[in-house]
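Read through the structure below, which is laid out as structure tokens, and then see the notes.
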Amino acid sequence: MRPLTEEETRVMFEKIAKYIWENLQLLVDRPDGTYCFRMHNDQGYYVSEKILKLAANISGDKLVSQGTCFGKFTKTHKFRLHITALDYLAPYVKYKVWIKPGAEQSFLYGNHVLKSGLGRIAENTARYQGVVVYSMAGIPLGFGMAAESIQDCRKVDPMAIVVFHQADVGEYVRHEETLT
């Protein structure tokens, strides 16, 4: 485990900020302790400083994981959020989308959200804004990117895409052999 470089920190925080905006500071300075981000095998981990100190006793080649994997860096140095970050980002997210029960299964299979499956959308949601997708019962299901602004959503065709799929909790089942 190593600290993130300045460039990696910038790229990772820009991606996380698309979802939680100014609440990014709340991830680091929490009431239950201080948390930080670390790198291991091109993956960004969210770790408490207490666990970080304990894991310092384990050699790097024997260490498999530490903390929660927030995502991975691609070969082009972009950061891609993993679904494991959902529980940490959902309480702080500014823009939310709720989908109808009939559209939940489609989203959990990795498909985009169509206008016909849209239940509600947070006010002032802009186009290409990072959103967290919820069921109508308020359960976070995954991440997405708003394909249309809230004003445009009212006017589009029912079969038009309103949220681009990025990650969902169905990945646990679809990719269980490759998840770390």
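The values are calculated or read from the model by the stated rules, or taken from the named source; none is laboratory data. Everything quoted here is computed from the prediction, not taken from an experiment. Here the Cβ is made from the backbone with ideal geometry for all residues, glycine too, and neighbour counts use every protein chain on show. Each accessible area value is taken on the protein alone, full model and side chains, heavy atoms only, with ligands, DNA and RNA left out. Shrake-Rupley method; radii C 1.70, N 1.55, O 1.52, S 1.80 Å.
Think of each Lys and Arg Cβ as +1 and each Asp and Glu Cβ as -1; about the Cα centre, that makes the dipole of region 88-147 roughly 120 debye. Rolling a 1.4 Å probe over the protein chains gives residue 143 an accessible area of about 0 Å².
This model, with +1 at the C-beta of Lys and Arg and -1 at the C-beta of Asp and Glu, gives region 1-137 a dipole about its Cα centre of some 360 debye. Roughly speaking, to the nearest percent, how much of the chain's 1.4 Å accessible area is carbon and sulfur? Summing carbon and sulfur atoms, their accessible area is 54 percent of the total for the chain.
Compared with the dominant Cα axis of the chain, that is its longest principal axis, helix 6-20 is turned about 40°. Computed extension length for residue 156-residue 43: 36.9 nm, one decimal, from 0.36 nm per residue of separation with the Cα-Cα distance subtracted.
Cross-link partners for residue 75 among the lysines, with Cα-Cα distance under 22 Å and sequence neighbours closer than 8 places in the same chain left out: 15, 18.
Using heavy atoms of the protein chains and a probe of 1.4 Å, the accessible area assigned to residue 106 is about 50 Å². Accessible surface of residue 58, taken over heavy atoms with a 1.4 Å probe and every protein chain present, rounds to 90 Å². The GluC sites (Glu not before Pro) of region 97-180 meeting both criteria, a DSSP state outside H, G, I, E and B (loop) and at most 11 other C-beta atoms within 10 angstrom of the site's C-beta, are 123, 176, 177.
Among the trypsin sites (Lys or Arg not before Pro) in region 116-180, those placed in a DSSP loop whose Cβ has at most 11 other Cβ atoms within 10 Å are 154, 155.
For the set 115, 75, solvent exposure ranked by accessible area (probe 1.4 Å, protein chains only) runs largest to smallest as 75, 115. For the chain, taking Cα atoms only, Rg and Dmax work out to 17.3, 58 Å respectively. Cross-link partners among lysines for residue 53, C-alpha distance below 18 Å, same-chain residues fewer than 8 apart left out? Reachable lysines: 62.
Charge dipole (Cα centre; +1 on Lys/Arg Cβ, -1 on Asp/Glu Cβ; no other charges) of region 15-76 amounts to roughly 200 debye. Taking every DSSP beta bridge that has both ends in the chain, the antiparallel portion is near 90%.
Once the 1.4 Å probe is applied to the protein heavy atoms, the chain comes out at 56 Å² accessible per residue.
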